[in-house]
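A short reminder: the numbers here are calculations on the coordinates, not readings from a lab. What you see is a predicted model, and the numbers here were worked out from it, not measured in a lab. All Cβ positions, even for glycine, are placed from backbone atoms using ideal geometry, and neighbour counts span all protein chains on display.
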Ligand code: BV8
């Protein structure tokens, strides 16, 4: 996707924006080789649906199986690298007044790419804590076939992610709502917009007068609300957006490949 294919009106809106808020979903990491939730679960996990595994009930029913699913994902993510889409968001943040990423992804790839203002709305795969007291368990040995006991209270570890049926941590929710309410431009990237309250952030931004943009090869429930829909992979569309903005701002230099 080239800079020339980015609508001039989108580039103009981006250039004039005081604050840009980006909501990313699993599609953002697809080009890093991390399967999306809509993809059939690969191999061992092909018989489960994520919604069935990513719950407190599933963990309480079979801690070892759910823990192993997260270990499998941690292994996969550790082998993954941020893709050109992640890098382009780092570059975009340097070109606009303020850019906040609200990510539904728990893979930590935005942080590894160098993004600064990131809200991990559903937590992080690599941050575990114990089920009884919430003691952070930062040095969990890998590989680890079963939830290890907390060194402080002995209760088992759980992944530091937000499961279905669990509330979003208050601080993350508050910051994400503010980012949605205060932005002029809301970019929804690589998300099917099926999970709430994350998906509701788009309506919050629109209600506050923002322009919405969708980057997704497929249509979603947000498509009808978006002023611009870029039907392309984020690893191609985002570098093109950055190149188009650089050209409009008269800033040379190609986007890193
Ligand atoms: C909550 C962390 C209040 C874990 C995740 C019954 C009881 C309780 C709650 C509910 C209920 N019914 C509904 C709810 C609400 C529920 C919900 O929304 N359910 C859905 C299924 C309807 N939400 C919750 O439970 C939330 N909490 O509501 O608290 C509460 C509390 C108690 C009781 C009631 C209410 C918490 C939700 C958080 C769940 N945790 N992740 C883990 O990862 O293991 S969700 C997880 O799935 C992800 O984080 C993400 O949010 C979601 C997957 O969505 P996407 O990221 O969009 O990915 P997806 O695969 O779907 O789509 C990928 C897209 O990318 C596609 O559109 C594709 O076209 C596109 N794409 C592909 N390739 C590319 C691309 N795009 C660009 N470039 C590419 N290359």
How far apart, in nm, are the 7 Å Cα→Cβ label points at residue 79 and residue 203? 4.0 nm
Using alpha-carbon positions, what is the distance between the centroids of the stretch 195-228 and the stretch 132-151, in Å? 37 Å
Suppose only helical runs count, i.e. DSSP H with n ≥ 4. What mean residue ellipticity at 222 nm does that imply for the chain under -39500 (n - 2.57) per run, divided by all residues and rounded to the nearest 500 deg cm²/dmol? -10000 deg cm²/dmol
Considering only the chain, percent of DSSP beta bridges that pair antiparallel, nearest 5: 25 percent
Linear extension gain, residue 9 paired with residue 55, 0.36 nm per residue minus alpha-carbon span: 12.3 nm
Distance in nm between pseudo-label sites at residue 2 and residue 111 (7 Å out along the Cβ direction from Cα): 3.9 nm
Calculate the spin-label point distance for residue 38 paired with residue 227, positioning each point 7 Å from the Cα along the beta-carbon direction, and give it in nanometres. 2.5 nm
Which FRET efficiency value, to the nearest 0.05, do you get for residue 174 and residue 218 by plugging their Cβ-Cβ distance into 1/(1 + (r/R0)^6) with R0 = 25 Å? 0.20
Please give the helix 170-181 orientation as an angle from the longest Cα principal axis of the chain, in degrees from 0 to 90, rounded to the nearest 10. 10 degrees
Extended-chain gain in nm, criterion 0.36 nm per residue less alpha-carbon gap, residue 127 and residue 247: 39.2 nm
